[in-house]
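These notes are about the structure you will find just below.
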């Protein structure tokens, strides 16, 4: 069975600085997706960024980028120029590319932005 | 914009009651999911459905059942609520369209308290 581990329950960063959230996963599959989802306080979960395992290039979405290390089964999220609106729970998630679309989530990291 | 709605944001029920949580999506998505979210555990899949009247067990189906009579609606049923089912429940939907199948869209969640 696939598992996803986020070892940082809480992180904090100063506004405008950079922070990296860690995620490791375990799978025997070779083709899969990895995701970072954001859940702001009292608001809906939204997709931040996704990575397809067959792509070597790390995904980037504006201030958000990932460091995907397939051999190490590591998938970290870097947030540059942190803003107050980035404060949220962040979840790392895994999904097989083929077959059932169910997601396997990590435990979550609560990110606080200090003004 | 994809919209996933859930019938209640907050719900308080008594032990032994039958509880219905409703989820509706407006994007004609084939797949729908029910997760529960608990601190330190992340999101765990309860049930999912890939078509009307079809359902599959997730990782923690015990004590729950589901119903999908129409494509847009997916209901989670707690046959006899217990205090250990106090949690946040999140519904999600996704498309099987090859170009769009990577993202799940989430509802706002229902915080259920069983007393």
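General remarks:
- Set side by side, the residues A:51, A:44, A:57 differ, and just one is part of a loop (DSSP other than H, G, I, E, B) and within 14 Å of chain B (Cβ to nearest Cβ), which is A:44.
- Yes/no for residue A:107 being surrounded by 12 or more Cβ atoms within 10 Å (Cβ to Cβ), within 14 Å of chain B (Cβ to nearest Cβ) and either in a loop (DSSP other than H, G, I, E, B) or at positive phi (or both): yes
- Restricted to region B:59-107, and to residues there that are free of Cβ contacts under 8 Å to residues at least 40 places away in the same chain and over 15 Å from the mean Cα position of the chain (by Cα), the residue that is farthest from residue A:36 (Cα to Cα) is B:84.
- The condition of being part of a strand (DSSP E or B) and within 11 Å of another protein chain (Cβ to nearest Cβ) holds for only one of A:4, A:13, A:66, that being A:4.
- Residue A:100 falls short on exactly one of the conditions (1) within 13 Å of the chain's Cα centre (by Cα); (2) within 14 Å of chain B (Cβ to nearest Cβ), and that condition is (1).
- Residues in region A:70-88 that are in a strand (DSSP E or B) and buried (at least 20 other Cβ atoms within 10 Å of the Cβ): 4 in all.
- Strands (runs of 3 or more DSSP E) contained in region B:40-109 and holding at least 1 residues within 14 Å of chain A (Cβ to nearest Cβ) and modelled with pLDDT under 95: B:42-49, B:87-94
- Residue match in region B:13-20 (condition: on the phi > 0 side of the Ramachandran plot and at pLDDT 95 or above): yes
The values are calculated or read from the model by the stated rules, or taken from the named source; none is laboratory data. Remember, predicted model here, so these are calculated numbers, not experimental data. FYI the Cβ positions are ideal-geometry reconstructions off the backbone, even for glycines, and counts take in every protein chain you see.
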